[in-house]
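Trainee: I'd like to ask you about the structure that follows.
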Amino acid sequence: MHNLIHSQLFLLTFTIGVYVVALWSYRKTKIMLLHPLITSLLVIIAGIKTADIPYQEYAEATKIIDFMLGLSVVALGYLLYEQMTHMKGNITAMVTAILVGSVVGIVSVILIAKALGADPRIVASLEPKSITTPIAVTVCAHSGGIPALTAIVVILVGIFGAVIGPFVLKKLGIESKLARGLALGSAAHAVGTARAMELGAVEGAISGLAIGLMGVVTAVMVPVIEAIMRFFE
């Protein structure tokens, strides 16, 4: 039994099975707190802790999932290529939207966190909240933040944006596929892109592009904004 639980086949089956059940539960209930990223994460952590499985062993057994994530990025690139006609004539608007969104996102979270008396390390951890986890963790580390906290915040922001985003866009009367894709990708990164792909191919492709653009712009703007705010303090 011990060998079975620690086998690669069992851990892979367990991980995929937990996610499938979590996804089914979320689609049935539509309860935000039952989002598959939250429930599957909690169940998997509880499972490997209960079975006394070291994280490194679990990561090694499920590394094929990381490999498949890489392929999914390539798939997004192909999807974007297919939707290139929707980008023609809109490049300036897209870059402007990403730049403004990045600056507003960084400045707003800094001001709110400082107004609530947050520690500088907490502020630094929250600054890259709207970009994909690998870039966010790197930006956080260079700013003196707490990478683990950043990772958690990024996941929660992504889930919140993916769940609430389409509702807000609908209420605001935003019908543009380009605008919806940009909004979900730039505000809710990978989780938002998964939701955007459910809305349509154009939304999914543009959202995937927004992830990359938002990551680059935010990585550049965080130290710039920090320097400007320190100058005015």
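The values are calculated or read from the model by the stated rules, or taken from the named source; none is laboratory data. All values reported here derive from a predicted model rather than from experimental measurement. Here the Cβ positions follow ideal geometry from the backbone for every residue, glycine too, while neighbour counts run over all protein chains shown. Accessible surface is based on the protein model in full, side chains and every heavy atom, while ligands, DNA and RNA are left aside. Shrake-Rupley method; radii C 1.70, N 1.55, O 1.52, S 1.80 Å.
Trainee: Need the failing condition index for residue 76 against (1) assigned to a helix (DSSP H, G or I); (2) modelled with pLDDT of 85 or more; (3) closer than 22 Å to residue 182 by Cβ; (4) open to solvent by less than 50 Å² (accessible area, probe 1.4 Å), just the number.
Mentor: Result: residue 76 fails condition (2) only.
Trainee: Please enumerate the residues belonging to segment 129-176 that are crowded, with 20+ Cβ neighbours inside 10 Å, more than 12 Å from the chain's Cα centre (by Cα) and touching a residue at least 40 places away in the same chain (Cβ under 8 Å).
Mentor: 139
Trainee: Moving to a separate point now. Can you work out which of the residues in segment 39-66 that are part of a helix (DSSP H, G or I) and open to solvent by less than 40 Å² (accessible area, probe 1.4 Å) is nearest to residue 12 (Cα to Cα)?
Mentor: Looking at residues that are part of a helix (DSSP H, G or I) and open to solvent by less than 40 Å² (accessible area, probe 1.4 Å), I get 61.
Trainee: If you don't mind, another one. Checking residue 189 against (1) more than 15 Å from the chain's Cα centre (by Cα); (2) within 24 Å of residue 27 (Cα to Cα), which test does it fail?
Mentor: Result: residue 189 fails condition (1) only.
Trainee: Could you grab me the full set of residues in segment 119-128 that are open to solvent by 50 Å² or more (accessible area, probe 1.4 Å) and touching a residue at least 24 places away in the same chain (Cβ under 8 Å)?
Mentor: 120, 121, 122
Trainee: Can you tell me which condition residue 166 does not meet? The list is (1) more than 27 Å from residue 38 (Cβ to Cβ); (2) in a helix (DSSP H, G or I); (3) not hydrophobic (A, V, I, L, M, F, W, C), and all the others hold.
Mentor: Status for residue 166: all satisfied but (1).
Trainee: Which of the residues that make up segment 212-233 are modelled with pLDDT of 85 or more and either crowded, with 18+ Cβ neighbours inside 10 Å or farther than 14 Å from residue 135 by Cβ (or both)?
Mentor: 213, 214, 215, 217, 218, 221, 222, 224, 225, 226, 227, 228, listed by residue number.
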